[in-house]
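Below is one structure; the comments refer to it alone.
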Amino acid sequence: MRIGIRLLAILWLGFAAACGPAGPAKGNVYLDSTEIVLRESYPVQAAILIRGSLPTPCHELKVEVSPPDEQNRILVSVYSVSDPNQVCIQVLEPFEETAELGLFTQGTFSVWVNGESVGEIEL
């Protein structure tokens, strides 16, 4: 009888772990266009306007901008996160987001979004 109770307890713990809350899952986005925006200020404020679609309305847009690296590349990562256990309508959700790239006084910087070059900032 003790083996049966232990086995039942192990099975229950495994089931509870499998059905427990999962962390957000990283997902894709569908990018339609990007535009580098330079504001008239000193130092120059640069931003990127990103238009596209999320896979579903349940996905949340995330944009991460890294400072310029040693080759003056600004890397922008655009992705989505969602709860994998959430039931959601399967329809694209359009978005438009502006992300700040930083303040610049001089130089040439290339801007990359999800591994692809999208333009340069030349001051």
- Item | Between segment 34-56 and segment 88-109, the Cα center-to-center distance that results, in Å | 5 Å
- Query: Given the Cα-Cα distance of Tyr79 and Glu100 and 0.36 nm per residue of separation, how much length would full extension add, in nm?
  - Reply: 5.9 nm
- Per-q log10 I(q)/I(0), segment 83-123, q = 0.30 Å⁻¹ (Debye; single scatterer per alpha-carbon; no solvent): -1.13
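Rule-based calculations on the coordinates, nothing more; no lab input. Quick caveat: nothing in here was measured; it's all calculated off a predicted structure.
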